[in-house]
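Heads up: the structure comes next, in structure tokens.
Derivation of every value follows stated rules applied to the coordinates shown; laboratory data play no part. Bear in mind the structure is a predicted one, so any value in this text is a computation, not a measurement. Here the Cβ positions follow ideal geometry from the backbone for every residue, glycine too, while neighbour counts run over all protein chains shown.
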Amino acid sequence: MSTDSDRRPPGGLLDDAPRVVNTGLDLLADALECQEVRVSRTDWRPPLPGTDPAALARVLADRRRDDANATAAGRLLAAGAELVDVLPARDVLGLDRGQFCHAGPPIDWARASGPMRGALIGAVLYEGMAADAEEAERMLASGRGYDLRPCHQLGAVGPMAGLITPSMWGFVLRDPTHGGQAYCTLNEGLGKVLRYGAYGPEVVDRLHWMARVLGPLLQTAVRRRADRDGPVDVRGIIAQALHMGDEGHNRNRAGTMLFVRELLPELMDAVAADQLPAGLGAADVAEVGRFANGNDHFFLNLVMPAGKLAADAARGVEGSSLVVAMARNGTDFGVQLSGTGDTWFTAPADVPDGLYLAGYGPDDANPDIGDSTITETAGLGGFAMAAAPAIVRFVGGSADDALTATKAMYEITVAEHTTYQVPVLGFRGTPTGIDAVAVVRTNVLPSVNTGIAGRVAGTGQVGAGLVRPPATCFTAAVNTLAERTPPLT
């Protein structure tokens, strides 16, 4: 039996207020809302451009992937980070004369960016392998007399250009849960420093001071602290620092102060007991204290190896789409997954969008560079920006942007950190464990905050800002994961 409503002409559909659901682009929804029409928006985006639908469908349908990701994420979250020593790279990484480590995926001189070339020139000068920059550049361009390897390959990480040479001193961290070890050089500070591609006399002189004074004194303090109270718990300091306005990548003011507080008493005791390294005295201790406490990025070089320990613990889980490395060499951005071994999935790095130092602008900027994205990989940095609203004064944006960035990262991660928490989110754990499949499916790329190096070798730092990894890194990674994962039986 028909009713009047059944016989309503099509035009009658608009006799009542429309109920609109918008999916995808906001253009239609925005236009209707301007006309006071209520619109329900669904948070949906198409997969990343370049996605292979068959590969994405295969990994999404594989019921084993969730278990694999849970295993990998569980290892990442369980990893500890204890500072056990401070040593020259030759003693930890086995580097010989002419062997250098660099940030990011593999690179050679021919493809190296300006800051990477500048840092390599400085490394050659620091090691005494050339008399001047011109001789160093000729040697590097010849391809003879030296060897380049990614830091990640040797269980290390390096900020910006990430150069590690045999004579440089660095932090040695150990994961007491899984037994892993990670290494990172000591932080030079900001401005004209080697990691940003500067190589002038002041840069090389500072590096020699760090090897002659800073490294040995930190070694003394770390060893005395370990003998007295056990190793410094770096992960514990990071957790405290997040409650004090840090995010672990570009804001480490609280972490640096907490770290200095741990070690300075040990140095003072060593002075009183006349147990400093030979040739060093109280004036050197004071200089080290001023240097570390006056460098808000000093603690970054402890956060990074802590992140490396956590990410490395998650490696090697068959079928896992968890990201275990994101790194940049100034030319390429590279990604590695737990389930795809040591394969790097690379694409051209983008130039960060940010704030510039006086006299510099976007035309002076080099594309993204550094291993410091290991912080984001481990649930810090851009993933924890809500804990550090003041960071926007350094990288740009607003406090609301910092909060939005952290909230968005929960869409592409498989866990919330059990130790790293965000006070403004009710002490919710930071979004941790990037799922490459979720990145591809949702079209949400990881949020990264970073320093900006000058594109011309020798310039140094020109600013700081925000950047996203290239989408191609993730689509290629998911395609390969689909190929390598055994079929369901």
Between the DSSP loop rule and a limit of at most 16 other Cβ atoms within 10 Å, which chymotrypsin sites (Phe, Trp or Tyr not before Pro) in segment 385-462 are left?
427
Can you run phi through the Karplus equation (6.51, -1.76, 1.60; θ = phi - 60°) for segment 119-127 and list ³J(HN,Hα) in whole Hz, with x for Gly and Pro?
5, 5, 4, x, 5, 5, 5, 4, 7
Considering the options 443, 418, 383, tell which one lies farthest towards the positive end of the dipole of segment 343-489, charges being +1 on Lys and Arg and -1 on Asp and Glu at the Cβ, about the Cα centre.
418
Most exposed to least, judged by fewest other Cβ atoms within 10 Å, 178, 249 sort to 178, 249
Give me 120, 355 ranked fewest to most by other Cβ atoms within 10 Å of their Cβ, as a rough exposure proxy.
355, 120
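So what is the orientation-averaged projected area of the chain, using the convex hull of its C-alpha atoms, in nm²? Mind dumping the intermediate values first?
On the way: hull surface 117.2 nm².
For the Cα atoms of the chain, the hull's average projected area reads 29.3 nm².
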Least to most buried among 237, 107 (fewest other Cβ within 10 Å first)
107, 237
Near the amide H of residue 453, under 5 Å away, which other amide H atoms are found, from residues 5 or more places off or on another chain, if H is placed in the peptide plane?
366, 462
For the Cα atoms of the chain, what angle does the longest principal axis make with the long axis of helix 399-409, in degrees from 0 to 90, nearest 10?
80 degrees
Going by alpha carbons, how many degrees (0 to 90, nearest 10) lie between the helix axis of 64-78 and the longest principal axis of the chain?
40 degrees
The long-range amide H neighbours of residue 371, using H built 1.01 Å from N in the peptide plane and a cut-off of under 5 Å, are 104, 158, 160, 328
Determine the distance separating the Cα centre of segment 127-143 from the Cα centre of segment 222-286; give it in Å without decimals.
36 Å
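Show that you can apply the helix-only estimate: for the chain, add -39,500 (n - 2.57) for every DSSP H stretch of four or more residues, divide by all residues, and state [θ] at 222 nm to the nearest 500. Present the calculation step by step, with values, prior to reporting the outcome.
On the way: 17 runs with 178 residues, N = 489.
Calculated at 222 nm, the ellipticity per residue is -11000 deg cm²/dmol.
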For segment 80-302, Rg(Cα) over 2.2 N^0.38 Å is 1.01
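If you count, for each residue, the other Cβ atoms within 10 Å and average over each peptide, how do 77-84, 16-23 line up from highest to lowest? Don't skip to the answer; put the middle values down first.
Numbers: 77-84: 21.2, 16-23: 10.9.
Order by mean packing, descending: 77-84, 16-23.
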Calculate one ³J(HN,Hα) per residue across segment 355-366 by plugging θ = phi - 60° into the Karplus curve 6.51 cos²θ - 1.76 cosθ + 1.60, and present them in order as whole Hz with x for glycine and proline.
9, 10, 5, 4, x, 10, x, x, 5, 8, 8, 8
Between helix 300-313 and the chain, what is the angle of the helix's C-alpha long axis to the longest principal axis, kept within 0 to 90° and rounded to the nearest 10?
60 degrees
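Tally Lys and Arg at +1 and Asp and Glu at -1 over the other residues with C-beta under 13 Å from the C-beta of residue 353: what net charge comes out?
On the way: positive: 468; negative: 350, 368, 401.
Here the count lands on -2.
Which order do the peptides 274-282, 303-311 come out in when sorted by mean C-beta neighbours inside 10 angstrom, highest first? Spell out each step's value before the answer.
On the way: 274-282: 11.7, 303-311: 31.0.
Highest mean packing first, the order is 303-311, 274-282.
According to the Kirkwood expression over distinct Cα-Cα pairs, how big is the hydrodynamic radius of segment 159-249, in Å? Walk me through the numbers before you get to the answer.
Working: mean 1/r = 0.0662 Å⁻¹.
For segment 159-249, inverting the mean 1/r across all distinct Cα pairs yields 15.1 Å.
Once you charge only the Cβ atoms, +1 for Lys and Arg and -1 for Asp and Glu, what is the size of the charge dipole of the chain about its Cα centre, to the nearest 20 debye?
Numbers: 42 positive and 57 negative charges, 100 e Å.
The dipole magnitude comes to about 480 debye.
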